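Everything on this sheet refers to the single structure shown next.
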Amino acid sequence: MCGIIAYSGPKDGTGIVVDGLKRLEYRGYDSWGVACRNGDSILLHKSAGKIGQVDRDRDMADLTGTPSIGHVRWATHGAVSDANAHPHLSPDGRIALVHNGIVENFQELRRERAELGVEFASDTDTEVIAHVVAEELKSGKDILEAVRGALAKLEGSYAVAILDRQTGTLIGARKWSPLVVGVGDGEHFIASDAPAFLAHTRDVIFLDDFQMVRIDDDGNGGRSLSIHSVESGEEVEPEVQRIEWSLEQAERGGYPHFTIKEINEQPEVIDRVLATDDEELEAAAKLIREARRVHLVACGTALHAGMYASYLLASRAGMDARPISAGEFPYLASMVQPGDLVLSISQSGETADVLASVREAKARGAKVLSVVNVLGSSLMRESDVSILSKAGPEISVVSTKAYASQLSVLTLLSAAVAGDIPSARASLAKARDDISQILSSGIEEKLEEIARILTTAPCIYSIGRRVDYASALEWCLKIKEIAYLHGEGFAAGDLKHGPLALIEEGIPVFVIASDEAVFPETLSNAIEAKSRGALIIAVATEDNDVFDYHLPVEPNGPQGAISAIVY
Ligand code: GLU
């Protein structure tokens with residue numbers, strides 16, 4: 001991922017853009033850059049490395065002007081270097097551009113120009129876009145038409161912010177990469193994600209794919225804004241929405257880093273989910289009940305939330321609802337028929353594979369219900385019904401509170417399908433209290449002791465049954481993502497069908513057992529692993545002699561299933 005932020009208004013754009021880039025750092029990046037318009041020139045500062053310690057006044061004092069554009073780059077084409085960092089300029093210096101995405105036909109576009117003697121200042125796929133926009137301008141088009149002309153020549157994906165030195169116009173456009181417009185008072189913003197400009201405005205326009213925004217200096221100190229179709233150029237009526245997230249929610253607030261902060265936010269996130277109306281849940285449950293079959297489509301962590309929901313829907317409502325990775329769904333889509341429902345789960349609502357799956361399913365006559373965190377996201381807009389998961393801004397790369405929020409929404413939703421929302425509310429309230437209790441119990445010391453063992457382990461395994469299987473997979477995803485340690489989760493019953501061969505002296509095996517309904521069988525799998533020398537770390541409702549470590553969790557909900565939120 002990378003991030004874009006652009007500003008047009010009377011203030012110091014560089015300061016606003018540098019601050020916005022720091023708020024986009026969570027997206028992961030390897031280099032950064034800023035450009036602004038100053039009279040007849042474009043001033044540029046870009047560099048490989050991190051922006052964290054950069055001080056606008058100390059390091060970029062000369063970079064004054066407006067509009068301004070900025071970028072944090074996650075290199076896809078061209079090495080990580082100062083020259084390849086964005087913004088990129090057109091050869092005549094009129095256009096500065098930042099881009100998120102991949103220009104699939106960049107080699108062809110570059111070759112055509114290189115053959116005419118045009119030189120490139122970088123090895124990126126991006127730079128050629130600035131060249132093509134400048135060529136279109138030379139043919140006499142106005143800036144909006146020139147950008148449209150250039151975008152029509154691109155294959156691949158883009159979110160772009162483009163600054164025209166001559167007119168001072170700022171243009172943003174998107175295709176398969178997110179872009180949000182911030183609507184201020186006499187000043188406007190363009191960014192990959194709203195927290196980049198939340199300090200200045202909470203009024204936003206979520207651009208659709210193939211939409212563009214044009215921001216002009218109106219000559220009276222103000223800025224005019226219009227939204228257009230990239231395909232036809234026609235103006236479209238914008239829908240301005242108000243973001244309820246506050247800036248404080250998107251800041252670290254005294255925690256050492258965002259992951260810890262978001263783990264600690266879980267009780268309040270569950271509280272927000274608890275405030276979801278029965279009516280909203282009933283409307284979504286009706287879609288599930290009436291469906292011929294439910295396809296739970298998601299990626300990564302959200303797919304594990306989908307697994308959890310599949311057990312709940314089967315056991316509580318007898319529903320045929322299976323989790324399918326969104327990346328694989330298109331290959332199975334021929335089974336989708338009218339009357340089917342896709343229940344898709346996504347934090348951002350912008351996951352490309354999820355959106356592609358949803359579109360494919362709709363084309364085959366299925367309905368779409370989504371559980372999504374970001375208001376106004378593409379997934380939300382493309383769904384027949386959606387329920388917000390209310391996790392607030394997720395900044396940490398590893399999902400913690402967003403997973404808890406997805407599980408919580410799916411708990412209420414499954415209960416609504418089974419006609420028993422009140423008991424699910426009681427279970428959720430207990431899960432919230434159990435999490436608060438664990439977070440304040442001083443458990444860190446014990447966790448640090450276990451973590452120290454993991455630092456020398458070559459890998460870890462984790463096993464569970466039913467909803468605990470989803471927890472086992474999610475735990476191993478976390479350990480890979482956050483600790484760069486190989487972890488693999490298994491359905492506990494599958495341990496003896498191959499994986500046991502990998503268990504040897506000292507290998508940590510996490511055993512997850514949420515309830516007496518699964519405890520005896522999972523325990524017997526733990527004993528099998530222990531007999532091959534495994535170190536058994538159990539997260540379970542009961543202790544047992546076979547466990548080297550036991551982290552207790554209370555049973556909760558029908559057959560203990562709701563305690564998965566705590567696990
Ligand atoms: N493909 C572009 C590059 O490698 C943009 C990468 C990004 O999205 O950060 O420069």
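The values are calculated or read from the model by the stated rules, or taken from the named source; none is laboratory data. Keep in mind the model is a prediction, meaning the values are calculated, not measured. A quick note on method: Cβ atoms are made from the backbone with ideal geometry, for glycine too, and the neighbour counts reach across all protein chains shown.
Some values worked out for this structure:
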| quantity | calculated |
| --- | --- |
| Pairs with Cβ under 8 Å, 6+ apart, first in segment 268-287 and modelled with pLDDT under 95, second charged (D, E, K, R) | none |
| Inter-residue pairs, beta-carbon under 7 Å, first on the phi > 0 side of the Ramachandran plot and in segment 486-506, second modelled with pLDDT of 95 or more and part of a loop (DSSP other than H, G, I, E, B), 6+ apart | G506/G533 |
| Residue list for segment 112-134, filter: of a type outside the set (A, V, I, L, M, F, W, C) and surrounded by fewer than 19 Cβ atoms within 10 Å (Cβ to Cβ) | E112, R113, E115, G117, E119, D123 |
| Flag for G39 being modelled with pLDDT under 95 and within 12 Å of the ligand (Cβ to nearest atom) | no |
| E136 being in contact (Cβ under 8 Å) with a residue 12 or more places away in the chain and either closer than 22 Å to I5 by Cα or more than 16 Å from the ligand (Cβ to nearest atom) (or both) | yes |
| Unique residue being hydrophobic (A, V, I, L, M, F, W, C), surrounded by fewer than 20 Cβ atoms within 10 Å (Cβ to Cβ) and in contact with a Leu (Cβ under 7 Å, 6 or more places away or on another chain) when the list is L341, L355, L375, L379 | L375 |
| Filter result for the condition that a residue is in contact with an Asp or Glu (Cβ under 6 Å, 6 or more places away or on another chain) and not hydrophobic (A, V, I, L, M, F, W, C), over G28, G9, G39, G15 | G9 |
| Whichever residue in segment 418-452 is more than 28 Å from the chain's Cα centre (by Cα), among the β-branched types (V, I, T) and in a helix (DSSP H, G or I) and, among such residues, is nearest to Y549 (Cα to Cα) | I450 |
| Test result for G254, within 23 Å of P67 (Cα to Cα) and surrounded by fewer than 14 Cβ atoms within 10 Å (Cβ to Cβ) | no |
| Residues satisfying the stated conditions in segment 232-250, i.e. touching a Phe, Trp or Tyr at 6+ places or on another chain (Cβ under 9 Å) and either under 20 Å from E444 (Cα atoms) or without any contact (Cβ under 8 Å) to a residue 60 or more places away in the chain (or both) | E239 |
| Identity of the residue in segment 88-133, in contact (Cβ under 8 Å) with a residue 60 or more places away in the chain and on the phi < 0 side of the Ramachandran plot, that ends up farthest from the ligand (Cβ to nearest atom) | R94 |
| Matching entry among G28, G49, G70 (being within 15 Å of the ligand (Cβ to nearest atom), modelled with pLDDT of 95 or more and not aliphatic (A, V, I, L, M)) | G70 |
| The listed residue being within 13 Å of the ligand (Cβ to nearest atom) and either surrounded by fewer than 19 Cβ atoms within 10 Å (Cβ to Cβ) or in a loop (DSSP other than H, G, I, E, B) (or both), out of G65, G78 | G78 |
| Single residue of segment 1-15 satisfying the filter (touching a residue at least 60 places away in the same chain (Cβ under 8 Å) and surrounded by fewer than 24 Cβ atoms within 10 Å (Cβ to Cβ)) that is nearest to the ligand (Cβ to nearest atom) | M1 |
| Count of residues meeting criterion [over 21 Å from E145 (Cα atoms), outside any strand (DSSP E or B) and without any contact (Cβ under 8 Å) to a residue 40 or more places away in the chain] in segment 197-229 | 4 |
| Enumerated strands (runs of 3 or more DSSP E) restricted to segment 3-58, each holding at least 3 residues that are closer than 18 Å to F189 by Cβ and under 27 Å from the mean Cα position of the chain (by Cα) | 3-8, 31-38 |
